[in-house]
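First comes the structure, then the notes that go with it.
Each reported figure results from applying straightforward, stated rules to the coordinates on display, with no laboratory input. Everything numeric here is computed off the predicted structure, so don't read it as measured data. Neighbour counts are summed over all protein chains in view; Cβ atoms, including those assigned to glycine, are modelled from backbone coordinates with ideal geometry.
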Amino acid sequence: MKFKFKFGEFFLGLATLIVIVLSIVLWIFIMTSDQRFSNIGQQNQNNVTKEQSRNHSSKSLYDLYIPTTSYGFANGNLCQLYDSKNNLTLEFTKEIKKTKATNKIKKIVNTRAKYEEYLNNPNYVQLVYPDEITFSLFNQLNNAANDNREFNRFFISQSNHWIYLGNDQTNEIYQVKITGANFDKLRKYARNARSKYPVRLVRLKEGYSPFYTKAMNARVYSYLTNHQSYSYFVSRLLGTSGVTSKTNKNGQTVYSLNYYTRLRVPDSNSGKHNYLYTHYEKHKIPNATNRLLDSVYYVHQLGLTEQDLRFFDADGANVSYLNYIEGIPVFLNKQDLQVKTTFSTDSINVAFNSVNFQIPIPFDGQTKQLRPTQDVVDDLANHGLKQENIQRIIVGFTEEKDSSHHSLINLIPTYYIKAYDEWKSLGEWEKQDVSTYREVAQLTVNEGGR
Amino acid sequence: MDHKRIEWLFFVVFFLIDIYLVIEILRSPVNLSNADTTTHSVASIRNEMKSDNIDLPDKISDAPDSGYYLATKNRDYLSGKVSSLTNVNARYSKSDNVLYGEPRQAVLLSKKSKEALQQIKDFKNDPKNVPYGKEFKYEPDMSSEDNYVFVQNSDYGEIYANSAQLNINVKNNQIINFTETYMGQASPVRELQSTISAWRAVRAMYTDRELTNNSRVTQVKLGYSKLTEVRGSTILLPTWLVWVENKTTKNITMKRVNAYTAQMLQSSTYNVEK
């Protein structure tokens with residue numbers, strides 16, 4: 001057999017092989033390109049980018065990031081203030097929107113003793129967020145766009161030219177010179193607030209929590225609620241024509257838009273209204289400011305009624321929002337949050353509940369007595385949950401169905417405690433075996449130390 | 001020879017596929033979510049309205065406002081007042097909760113519109129003529145030459161509802177009769193909350209196709225509208241009231257936009273006869 005090597009045939013064979021391999025490589029590249037698919041996916045997301053969400057909906061940003069609690073002094077005592085007619089936090093937000101910082105932020109306090117002097121100084125009205133936000137969130141208070149320093153407390157002095165921003169966790173207070181604000185009305189509202197509950201601010205793991213010094217009768221509110229249909233959320237989050245697959249598992253349905261965007265819908269017969277939206281995208285976890293801003297973008301995308309929705313907690317890669325009724329957060333299904341966004345390196349998860357507090361029912365006089373906070377903390381310590389393990393303690397509403405109407409719910413005030421990174425009501429913590437939590441926490445500490 | 005042809009065919013086909021795939025990669029994906037899109041659309045929405053021949057008032061505020069959920073107790077407020085109306089012949093209809101009154105003596109009005117309006121206000125403020133008259137406020141945008149409309153006022157704003165209205169009918173410069181409905185004192189059900197701006201309400205109407213071509217927005221006001229009745233109370237919520245005039249027929253319609261959510265309130269239009 002005669003072997004005859006021909007260059008032409010060899011190169012033709014080689015070139016054919018190369019173009020075949022190249023086409024396979026290019027095809028794989030296209031199919032696995034994150035950027036490509038994430039961009040295509042966004043075509044169905046109402047054509048709104050995160051950037052637009054930041055620039056365009058500043059009203060919504062302020063509405064979500066309203067301080068939720070106010071403090072002032074009455075008869076020499078620190079009090080939590082509340083007035084439904086003259087909403088203090090709304091009045092503050094109206095003014096802070098007009099405010100501009102005229103100089104750089106200057107740190108003036110960084111010790112606990114000095115910080116507590118400010119907390120207990122009757123010259124200041126305090127407006128407080130439930131958790132820390134960053135300086136860059138509101139640009140007009142800070143010209144540096146990437147300032148990730150955090151604060152959770154505004155101190156309003158007697159002057160309209162200076163404002164102080166405090167961080168409970170670090171004991172730092174920053175002084176900012178401002179123009180354009182007039183807090184005279186706010187100070188007047190604070191002096192004349194209808195409810196003034198005496199409190200002392202007690203340092204817990206994640207900052208200062210108000211401890212009510214006396215038992216109080218907190219109001220029980222009622223609402224008629226409704227829920228948007230699952231198709232509303234599928235259409236908003238995945239678009240009207242892009243849904244590529246639908247799978248059913250354990251009664252829950254998962255709708256997918258390409259490989260990268262999914263929505264898990266609860267079983268309509270289960271009576272549950274918890275959804276989970278997942279968008280797979282490889283990227284770094286955003287910094288603190290961008291986590292807050294991006295979470296706002298996702299909240300807008302959901303299309304929930306945002307009237308009562310407020311920023312509630314920012315914990316590592318999580319940012320969560322709750323409905324606030326009369327200054328008190330509402331926990332759903334005992335301890336669920338209304339919206340919780342979780343950022344990771346390969347996906348963004350948005351867990352949310354579709355409940356809408358649609359129609360408020362006039363207050364019928366029903367109240368619930370809440371014990372002084374220290375008594376509650378002491379009882380929890382006896383149960384095994386010590387004060388040093390409590391991150392926060394607040395009064396929140398737990399929802400209870402009213403038997404008189406299928407969509408009527410009552411909001412019952414009770415203590416909510418955050419410990420071991422979990423929010424639970426007092427009743428729920430009392431049912432828990434806290435030693436298990438302690439052991440897990442200890443194990444985590446030990447593993448971290450290795 | 002056949003083998004070579006097949007090889008050439010493979011080479012050409014895959015080469016073309018490669019070119020196509022490279023073009024696909026180089027061509028950036030169609031990005032409909034361009035950062036300028038919404039900003040642009042917000043700015044151009046006024047132009048779009050203009051091209052649809054929709055006129056807007058010179059100034060519509062873009063600043064958010066604030067309002068409450070209010071509640072009034074559902075009671076028969078007017079029936080007990082009939083006996084105290086000594087200057088008018090009054091009767092009360094329990095079925096539709098309306099008080100009808102006719103002056104016993106002629107009430108002559110000035111021919112000057114301002115003076116006539118003042119005389120009518122004086123008439124309704126007299127408790128012998130109209131019960132709770134002082135709680136009603138003149139609403140020029142709902143009134144016409146022979147029908148003066150007053151809406152019930154509250155500490156928190158005006159209530160625009162059929163069940164909170166006073167209509168005084170005039171003919172030949174004389175008060176002929178009046179009809180009155182009254183909801184009682186309103187009180188806040190929840191705390192003061194921020195609302196959308198007037199401009200955002202008009203924009204929501206336009207995007208919801210509630211503003212037809214060839215129309216004119218004549219007035220935008222914040223007022224309270226009826227939401228529902230529950231547990232013996234009527235719940236009111238802040239609404240943007242938008243008066244829209246059809247340029248051809250000159251008909252004026254008042255529409256309502258939920259000032260919290262920017263949603264249209266259904267079956268809530270009110271036709272104004274000028």
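Take peptide B:219-231, look around each residue's Cβ out to 10 angstrom, count Cβ atoms belonging to other protein chains, and average those counts.
2
Top mean-square fluctuation among A:P122, A:P210, A:P360, Gaussian network model of chain A, C-alpha springs under 10 Å?
A:P360
How far apart, in nm, are the 7 Å Cα→Cβ label points at A:H406 and A:R371?
Between A:H406 and A:R371, the simple spin-label model gives 3.9 nm.
Non-local amide H neighbours of B:S143 (under 5 Å, H modeled in plane, Pro and chain starts lacking H): which ones?
Amide H neighbours of B:S143, under 5 Å, 5+ apart: B:V149.
Working from the pairwise distances between different alpha carbons, so that the mean of 1/r is found and then inverted, what is the range A:154-210's Kirkwood radius in Å?
When all Cα pairs of the range A:154-210 are included, the Kirkwood radius is 13.3 Å.
Would the range B:54-146 count as rounded, prolate or oblate if I go by the C-alpha gyration tensor, calling it rounded below 1.5 in a/c and otherwise prolate when a/b exceeds b/c, oblate otherwise?
In terms of gyration-tensor shape, oblate.
Within chain A, which complete DSSP H helices have Cα atoms spanning at least 24 Å along the helix axis and a mean Kyte-Doolittle hydropathy of 0.0 or higher?
In chain A, the long hydrophobic H runs are A:7-32.
Explain nothing, just compute: Karplus ³J(HN,Hα) = 6.51 cos²θ - 1.76 cosθ + 1.60, θ = phi - 60°, for every residue of the range A:154-165 in order, whole Hz, x for Gly and Pro.
Using θ = phi - 60°, the values come out as 9, 10, 9, 8, 6, 9, 8, 9, 10, 10, 10, 10 Hz.
Of the residues B:Q152, B:Q165, B:Q105, which exhibits the maximal mean-square fluctuation in a Gaussian network model of chain B defined by a 10 Å Cα contact cut-off?
Highest fluctuation of the listed residues: B:Q105.
Please compare each pair in B:K111/B:K134; A:K85/B:K114; B:K137/B:K226; A:K272/B:K73 to a cut-off of 26 Å on the Cα-Cα distance and tell me which ones are over it.
A:K85/B:K114; A:K272/B:K73, as the Cα separations exceed 26 Å there.
Alpha carbons only, please: Rg and Dmax for the range B:157-217, in angstrom.
When restricted to Cα atoms, the range B:157-217 yields Rg and Dmax of 18.0, 47 Å.
Residues with amide H under 5 Å of A:A74's amide H, sequence separation 5 or more or different chain, H placed in the peptide plane at 1.01 Å from N; which?
Close amide H contacts, sequence-distant or interchain: A:C79.
Please label the shape of the range A:221-260 as rounded, prolate or oblate, based on the square roots a ≥ b ≥ c of the eigenvalues of the alpha-carbon gyration tensor (a/c under 1.5 means rounded; beyond that, a/b larger than b/c means prolate, else oblate).
Oblate is the answer for the range A:221-260, as a/c is 1.5 or above yet b/c matches or exceeds a/b.
Measure nothing fancy, just the Cα-based angle from helix B:37-51's long axis to the longest principal axis of chain B, in degrees from 0 to 90, nearest 10.
Approximately 60 degrees, to the nearest ten.
Can you pull the Kirkwood radius for the range A:189-278, inverse mean 1/r over Cα pairs, to one decimal in Å?
This gives a value of 17.7 Å.
If each DSSP helix of 4+ residues adds -39,500 (n - 2.57) and the sum is divided by the residues in chain B, what number results at 222 nm, nearest 500 deg cm²/dmol?
-7500 deg cm²/dmol
Over the Cα atoms of the range A:218-373, Rg to Rh with Kirkwood Rh, two decimal places?
1.01
With point charges of +1 on the Cβ of Lys and Arg and -1 on the Cβ of Asp and Glu, referenced to the Cα centre of the protein assembly as shown, which listed residue (A:Y82, A:A218, B:Y156) lies farthest in the positive direction of the dipole?
Farthest towards the positive end: B:Y156.
Bin by bin, in steps of 10 Å, what percent of the Cα pairs in chain B do you find, going until the bin that has the longest distance?
Per 10 Å bin, starting at 0, the Cα pair percentages come out as 6, 22, 25, 19, 9, 5, 4, 4, 3, 2, 1, 0.
How long are the semi-axes of the equivalent ellipsoid of the range B:104-197, taking √(5λ) for every eigenvalue λ of the Cα gyration tensor, in whole Å from largest down?
28, 14, 10
Using 7 Å Cα-to-Cβ label points, what is the A:N120/A:N192 separation (nm, one decimal)?
3.1
Note down the Stokes-Einstein diffusion coefficient of the range A:121-259 in µm²/s, whole number, using a Kirkwood radius over alpha carbon pairs, 20 °C, and 1.002 mPa s.
For the chosen part, D equals 108 µm²/s.
Counting only Cα atoms, I'd like the Rg/Rh figure for the range A:199-245, Kirkwood definition for Rh.
Using only Cα positions, Rg/Rh for the range A:199-245 is 1.40.
Give me the dipole magnitude in Debye, nearest 20, for chain B about the Cα centre, with unit charges on the beta carbon: positive for Lys and Arg, negative for Asp and Glu.
Values: 34 positive and 31 negative charges, 193 e Å.
Dipole size: approximately 920 debye.
Please give the FRET efficiency for A:S159 paired with A:K205, using the beta carbon to beta carbon distance and R0 = 25 Å, rounded to the nearest 0.05.
0.15
Applying 1/(1 + (r/R0)^6) with R0 = 51 Å to the Cβ-Cβ distance of B:K221 and A:D433, what FRET efficiency is obtained, to the nearest 0.05?
Details: r = 59 Å, r/R0 = 1.16.
Computed FRET efficiency for B:K221 and A:D433: 0.30.
What does the range A:325-416 give for Rg and for Dmax, in Å, if only its C-alpha atoms count?
Rg then Dmax for the range A:325-416, in Å: 16.5, 50.
Taking one equal scatterer on every alpha-carbon of the range A:258-344, how large is log10 of I(q)/I(0) by Debye at q = 0.14, 0.25 1/Å?
-0.55, -1.42
In peptide A:357-369, what is the residue-averaged number of other protein chain Cβ atoms found within 10 Å of each Cβ?
Per residue, the average neighbour count from other chains is 4.
Per residue of the range B:55-72, what does 6.51 cos²θ - 1.76 cosθ + 1.60 with θ = phi - 60° give for ³J(HN,Hα)? Whole Hz please, x for Gly and Pro, Karplus curve as stated.
8, 10, x, 4, 10, 10, 5, 9, 8, x, 10, 8, x, 10, 7, 10, 9, 10
Over the Cα atoms of the range A:363-426, what is the Rg over Rh ratio if Rh follows Kirkwood?
1.07
Measuring from label point to label point, each 7 Å out along Cα→Cβ, what is the A:Q335 to A:N250 span in nm?
1.8
What is the P(r) of the range A:68-186, as percent of Cα-Cα pairs per 5 Å bin from 0?
Here the calculated profile for the range A:68-186 is 2, 11, 22, 27, 22, 12, 4, 1, 0.
Between A:S241 and B:E115, what's the calculated FRET efficiency when r is the beta-carbon distance and R0 is 60 Å? Round to 0.05.
That gives a FRET efficiency of 0.40.
Report the rotationally averaged projected area of the range A:294-450 based on its alpha-carbon convex hull, in square nanometres.
In nm², the orientation-averaged hull projection of the range A:294-450 is 11.6.
May I ask you to compute the full-extension gain from A:V21 to A:E388, defined as 0.36 nm times their residue separation minus their alpha-carbon distance, rounded to one decimal in nm?
Working: separation 367, 0.36 × 367 = 132.12 nm, distance 6.24 nm.
Length gained between A:V21 and A:E388: 125.9 nm.
Taking H as built 1.01 Å from N, whose amide H comes closer than 5 Å to the amide H of B:V107, not counting residues under 5 places away?
Close amide H contacts, sequence-distant or interchain: B:I175.
For the protein assembly as shown, report the % of Cα-Cα distances exceeding 49 Å.
Of all Cα-Cα pairs in the protein assembly as shown, 29 percent lie more than 49 Å apart.
Based on the alpha-carbon gyration tensor of the range A:408-450 and its eigenvalue square roots a ≥ b ≥ c, which shape applies: rounded if a/c is under 1.5, prolate if not and a/b is larger than b/c, or oblate?
Prolate.
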